[in-house]
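Note sheet for the following structure.
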Amino acid sequence: MTDATTQPVASPEAGSTNQASAAITPSDPDALGAIPVEAEGPAFTALIKLLASVLVGALIVWGARASRLMDWQSFSLSAGLVWGAALAIVLVVYYWILKSRTSIKNGMIEQTWVWKKQVNVAEIRQAKFIYLPALSWLIAPRLVVRTGPIMTVFYTAHPDVQRAFAALMLGR
């Protein structure tokens, strides 16, 4: 039940101003002809953000409980640095799961993240759009693109961006 295809990608048409209907899904090839290739939206669904919040909250609660049982006198500086680095990584990734946005416009695909992911559509040599309709509430649809030896993954939860990715895969 996946709509995952791999193919070379053609440059999108510039100047398309038609609006897509909200009932169109990325896997509906007949409806993709009128889809503009300019869209922007959140990278992750509300449920994924909620799950991340619950997991980070549970990790903090568990860590607080465990810290009461620790022998802080035998806690070395290097162990503290590793613990602090792990906490910082978790919090930074959590923040960007909540804030990240994906856009496709002006011939560029961009996603805000810890670092800005950006690919020129004209430089894409291969692309795969991975979309699981029944699980899109849990597994964010994504576009995996290859520009030479470099692969970049763009996540999107917004239907307009998903349709633009699907249209891009069809060379529109």
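Annotations
- Qualifying residue in segment 87-104 (condition: among the charged types (D, E, K, R), surrounded by 12 or more Cβ atoms within 10 Å (Cβ to Cβ), over 18 Å from Leu168 (Cβ atoms) and within 19 Å of the chain's Cα centre (by Cα)): yes
- Counting the residues of segment 133-151 that are surrounded by 16 or more Cβ atoms within 10 Å (Cβ to Cβ), in contact (Cβ under 8 Å) with a residue 40 or more places away in the chain and farther than 18 Å from Leu50 by Cα gives 1.
- Condition met for Val90 (part of a loop (DSSP other than H, G, I, E, B), without any contact (Cβ under 8 Å) to a residue 40 or more places away in the chain and within 30 Å of Gly63 (Cβ to Cβ)): no
- Within segment 17-59, considering residues that are part of a loop (DSSP other than H, G, I, E, B), modelled with pLDDT under 85 and among the aliphatic types (A, V, I, L, M), the one surrounded by the most Cβ atoms within 10 Å (Cβ to Cβ): Ile35
The values are calculated or read from the model by the stated rules, or taken from the named source; none is laboratory data. These figures come from a predicted structure and were not determined experimentally. Quick reminder, even Gly has a Cβ in these numbers, built from the backbone with ideal geometry, and neighbours come from all protein chains shown.
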